[in-house]
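Notes follow once the structure below has been shown.
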Amino acid sequence: MTIHDLPVATKQTFSVVGKSVKRSDTLEKVTGTAVYAGDIILPGMLHGKIKRCEIAHARIKSIDTSKALALKGVKAVLTHENVPRVLHYGSPHPRSSSVTKDQYILDDRVRYWGEGVAAVAAVTEEIAEEALGLIEVEYEPLPAVFTVEDALKPDALAIHDNGLDKNNVLPPVIVERGDIDQGFAEADLIVEGEYDLGRPTAAYMEPNICVTQWDGNGKLTIWSSTQTAFMVRGALAEVLGIPLNKVRVVVDHMGGGFGAKQDLFQHEFLSALLARETARPVRMEFTRKETFFGGRSRHPGKIWLKQGFTKDGRITARQARVVFNSGAYGSHSPGVTNVGTAAMTSLYRCDNIHLEGRAIYTNTPIAGAFRGYGVVQTYFAIDLQVDEAAEKLGFDPAEFKLKNAVREGDIAPSNHPIVGHGLEDCIRRGMAESDWYTVRKAPKGDGVKRRGWGIGCEMHGSSAYPGIKEQGNAIVKMNEDGTVTLLTGTAGLGTGAHTALSQIVAEELGVPFEDIAVVQGDTDVVPWDIGAFASHTTYMGGRAAQIAAADVRRQVLAHAAPMLEAAPEDLTIVDGVIMRTDGSNRSIPLSEAVAPQRGMPAIQLVGVGTYTPTKSYSFGAHFVEVEVDTETGEVAVLQVIPVHEIGKVIHPVAAAGQIEGGIQQGIGHTLSEDYVIDLTNGRSLNPSFVDYKMPLSMDMPPIRTIILETAPDPGGPWGAKGVGEDPIIAIGPAIANAIHDAVGVRFRHYPITPENVLDALRAKSKEA
C-alpha cells in the first residue's frame with residue numbers, strides 16, 4: 001500500500017504529473033517484443049568467449065594459442081600480445097580528478113582470480129568454449145593480498161605502480177570541519193566502534209552482454225547492456241584510436257543494472273576487436289558466474305568511527321577512518337571514497353568533524369558502483385552508533401535522531417546548503433504510523449522468538465557529489481500532427497523512468513500523455529547524457545526534458561498567436577488544444593495549428609534542454625519490526641514502514657516500486673548476501689544464484705510505503721527529486737537496530753547471519 005501526501009502549500013493542479021499512468025514500455029515487455037542487447041541477431045554473427053585465469057596474482061610468461069586457432073570453427077584469438085596497449089579508466093566517466101587509469105584490455109599480468117587473459121571468436125558458443133580449453137598459459141606466481149590489512153603491510157607487493165604509497169588507489173580523502181579536539185573535550189559521552197562491511201553484488205537479471213559490428217566505412221556499432229552509453233562510446237574511441245563519430249552505442253531495454261553496469265568491461269573491448277579482426281559481427285555474453293567475478297560488487301571495507309555526545313543529546317564531534325577494498329582495479333573507488341567519506345559530515349548534525357577515507361587495491365574481484373554509492377556503508381556505521389549513543393544517554397532512538405537530524409541551511413556533503421529538511425518530517429510521520437512509543441514498550445516475547453523495532457535514516461543526493469559537475473540534456477520535437485517525440489540519452493533500466501520523462505513533457509506542453517513518444521539509447525541520435533545512475537534520471541534528465549518542452553511550448557504559442565488574434569502570453573495549451581485565457585472561448589486544436597497549411601509546409605518545432613544541477617537531497621526514515629529465533633539465529637523482517645520525502649512525485653506507483661525494490665535488496669545485503677572470496681587463494685566461493693543467498697518473494701515482509709512531498713527541490717521538475725538509491729540506505733541500520741531491540745545484542749557488520757546471531761547470544765549468555 002502506498003500513502004501519497006501532498007501538502008496544501010505546494011498543491012497544484014496537474015493533468016499528468018502525479019498520476020500513475022500506464023508505463024509506456026508495458027506492452028513491449030509483457031508481450032516479449034522488447035529488444036534487449038541479447039536479442040540482437042546479425043547475419044554471420046560469431047560468438048566470443050573469454051579465457052579467465054585461475055590464479056589471483058601472476059605474470060604471464062607465455063600464451064600458446066596455436067591449438068585453439070587450429071580448431072575448426074575458430075576465427076580469431078586475442079591475447080595481450082595482439083590488442084592495443086592503451087591504459088584506460090575502468091569507470092568510463094571520471095568522477096573526480098583523482099581517478100586513475102589502471103586498466104588495459106588484456107595485460108601481461110593478472111591481478112585477481114577470474115581476470116580475462118585471452119578471447120576467442122568462433123562460429124558457435126560451444127566451439128568457442130572448447131577453444132578456451134586449448135589455450136595454454138604459463139604463469140609466474142606473485143604474492144597476493146586479499147584484505148586491506150595485508151595490502152597495507154610494508155612488505156606487501158604493489159599491485160599497481162601508480163606512484164602512491166603501498167596499495168592506495170588514490171591519495172587519502174580528508175574532510176574537516178570545526179575543531180575536532182574541542183568537540184571531544186565538550187563531550188560527556190564518547191562512543192567508538194569498528195564496522196565491517198560485506199561484499200554484496202548487484203545480481204541483476206540480465207547478464208553483461210554486447211554485440212558488435214563494423215561497417216565498410218570503419219564505423220563500429222555496439223549493442224550493449226550499459227548504463228553509460230556515451231561514456232562507453234568515449235572509452236572505446238580512445239582505446240581503439242578512432243574518432244567519436246566512428247562509434248555508435250545502442251541501448252534499448254536493459255534487464256537491471258543498479259549502478260554496476262556503469263563500467264566499461266573487458267568483453268566490450270574484446271568483442272569490438274574480434275569483430276574487426278574477423279570482419280564479422282561478434283556476440284559476447286557473460287555466464288552467471290562471470291557476472292560475479294567479471295562484474296562489479298559493492299565495496300567491502302572497514303570503518304572506525306568515534307563520536308562525542310553531551311548529556312542533553314547533542315553530537316559534539318565525529319571522527320572516522322574509512323577504508324574501502326577496491327579489488328584489483330580502481331573502477332569507481334575514487335568516487336565511492338569521496339562520496340562515502342563526505343557523506344559522514346551529514347545526516348545527523350555535528351560541527352566538529354575529521355574524516356579520512358581510503359581505497360586500497362587487493363587481489364580480489366573489482367568493486368564498482370552499486371545502488372547507494374558509498375553511502376550505504378558509511379551511514380550504516382553512523383546510524384548504528386547514534387542508536388547506541390541514544391541508549392547510553394537514556395534517549396528514545398527516534399527522538400534522539402529527530403533531535404539531531406539535519407535541517408534546511410545545514411551544509412550538505414556536496415558543500416551546498418540543504419534546500420528543504422525532509423528528514424524531520426520522515427521521522428515524525430514514521431513514529432506516528434508505527435505507533436512508535438507503544439511498539440517499543442510492547443513485550444519482546446519470553447519464548448524462543450523475540451520481537452523488536454528499529455529505526456534507520458538516510459539522505460542521498462541526486463547529482464550532488466562533491467566537486468563534480470553533471471549534466472542532463474534532452475531534445476523535444478513536435479510533429480506536424482501535434483504529437484511529440486522526446487529524445488533522451490538516459491538508459492532504460494527497467495525503472496519506468498522514460499514514462500516519468502514523458503509525463504513531464506506532456507505536462508509542460510499541455511498535451512495528452514499518449515501523444516509522447518520516446519527515442520532513447522542511440523548515441524548517433526539522442527543528445528549526450530552522462531548516464532542512468534545516481535538517482536538523477538527524473539531529477540536531472542526530467543528537468544532537461546521540461547526545459548526542452550517549455551522551449552517548444554513557447555514556439556507553438558508564438559506560431560498560434562496570429563491564428564487566435566492574441567499575444568502568445570495570453571494563450572495556453574490544455575489537453576492538446578490551444579486556447580485564449582481572456583475568457584473569449586476562442587481555441588484551435590494543436591494538431592491543426594502546427595499542421596501544414598495550403599501552400600505552406602509544416603513548421604519546424606524543436607526544443608533543446610540542458611540542465612546542470614548543483615544540489616538536491618532526498619530523505620528517508622525506515623521503521624522495521626523483526627523477529628529473532630534465538631534457537632536458530634534466523635532473523636525475519638515482519639514489517640517495514642518506509643517514509644520517504646522526494647519532492648514532487650511524478651509517478652507514484654513507480655516511485656513506490658523503487659522504494660520497495662531497494663528494501664528487498666537492503667534486506668538481502670543486511671541478512672544474507674555476501675560475495676565470498678577464499679582468503680587463501682582469491683577464488684570466488686559462491687558465484688551463482690544457488691550459493692549467493694538473495695531473499696525471495698516469499699521472504700518479503702509487508703511494506704507500507706509513505707511518500708511525502710514536503711521539501712520540493714526548486715531545481716527539479718515541479719520540485720521532483722531522486723528516489724532510486726534512497727531505500728537501500730536506511731533499511732540496513734533499521735534492521736540491525738531492531739535486532740538489538742529484540743535480543744539486546746548489537747552488530748557492527750553486515751550481513752548479520754544466523755551463525756552471527758547465535759554466537760552473539762552465546763557470548764551474551766556467558767557474560768550474564
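Numbers below:
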| item | result |
| --- | --- |
| Close pairs from segment 690-704: first under 25 Å from residue 291 (Cα atoms), partner in a loop (DSSP other than H, G, I, E, B) and aromatic (Phe, Trp, Tyr), Cβ under 8 Å, at least 6 apart | 692/675 |
| Complete set of residues in segment 240-272 that are modelled with pLDDT of 95 or more, crowded, with 24+ Cβ neighbours inside 10 Å and either among the aliphatic types (A, V, I, L, M) or assigned by TED's automatic domain parsing to the domain that holds residue 497 (or both) | 249, 270, 272 |
| Residue 60 being surrounded by fewer than 23 Cβ atoms within 10 Å (Cβ to Cβ) and part of a loop (DSSP other than H, G, I, E, B) | no |
| Of all residues making up segment 507-521, the number that are over 13 Å from residue 251 (Cα atoms) and crowded, with 24+ Cβ neighbours inside 10 Å | 4 |
| So residue 420, is it in contact with a Pro (Cβ under 8 Å, 6 or more places away or on another chain) and farther than 27 Å from residue 628 by Cα | yes |
| Residue count for segment 551-582, restricted to those that are touching an Asp or Glu at 6+ places or on another chain (Cβ under 9 Å), surrounded by 16 or more Cβ atoms within 10 Å (Cβ to Cβ) and in a helix (DSSP H, G or I) | 5 |
| Residue satisfying all of: in segment 125-139; in contact with a helix residue (DSSP H, G or I) (Cβ under 9 Å, 6 or more places away or on another chain) and in contact (Cβ under 8 Å) with a residue 60 or more places away in the chain; surrounded by the most Cβ atoms within 10 Å (Cβ to Cβ) among these | 131 |
| Elements of type helices (runs of 4 or more DSSP H) in segment 276-393, at least 2 residues being among the polar types (S, T, N, Q) and either touching an Asp or Glu at 6+ places or on another chain (Cβ under 8 Å) or at pLDDT below 95 (or both) | 333-343 |
| Leading residue by the ranking (nearest to the chain's Cα centre (by Cα)) among those in segment 140-157 that are surrounded by fewer than 17 Cβ atoms within 10 Å (Cβ to Cβ) and without any contact (Cβ under 8 Å) to a residue 40 or more places away in the chain | 149 |
| Members of segment 431-470 found to be touching a His at 6+ places or on another chain (Cβ under 9 Å), modelled with pLDDT of 95 or more and more than 18 Å from residue 382 (Cβ to Cβ), listed by number | 452 |
| Top-ranked residue of segment 684-734 - restricted to ones that are under 24 Å from residue 379 (Cα atoms) and among the acidic types (Asp, Glu), ranked as surrounded by the most Cβ atoms within 10 Å (Cβ to Cβ) | 726 |
| Among (1) in the same structural domain as residue 631 (by TED's automatic domain parsing); (2) within 23 Å of residue 615 (Cβ to Cβ), the one test that residue 431 misses | (2) |
| Some residue of segment 593-604 being surrounded by fewer than 24 Cβ atoms within 10 Å (Cβ to Cβ) and assigned to a strand (DSSP E or B) | yes |
| Search result, residues across segment 394-428 that are more than 25 Å from the chain's Cα centre (by Cα), of a type outside the set (D, E, K, R) and assigned to a helix (DSSP H, G or I) | 397, 398, 400, 402, 404 |
| Residue match in segment 218-239 (condition: of a type in the set (D, E, K, R), touching a helix residue (DSSP H, G or I) at 6+ places or on another chain (Cβ under 6 Å) and surrounded by fewer than 19 Cβ atoms within 10 Å (Cβ to Cβ)) | yes |
| Filtered residues of segment 665-689 (kept if out of contact with any helix residue (DSSP H, G or I) (no Cβ under 6 Å at 6 or more places or on another chain) and under 26 Å from residue 428 (Cβ atoms)) | 667 |
| Selected residue [more than 24 Å from the chain's Cα centre (by Cα), buried (at least 24 other Cβ atoms within 10 Å of the Cβ), more than 25 Å from residue 170 (Cα to Cα) and not small (Gly, Ala, Ser)] from 383, 387 | 387 |
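The values are calculated or read from the model by the stated rules, or taken from the named source; none is laboratory data. These numbers come from a predicted model, not from an experiment. No Cβ is skipped: glycine too gets one built from the backbone with ideal geometry, and neighbour counts run over all protein chains shown.
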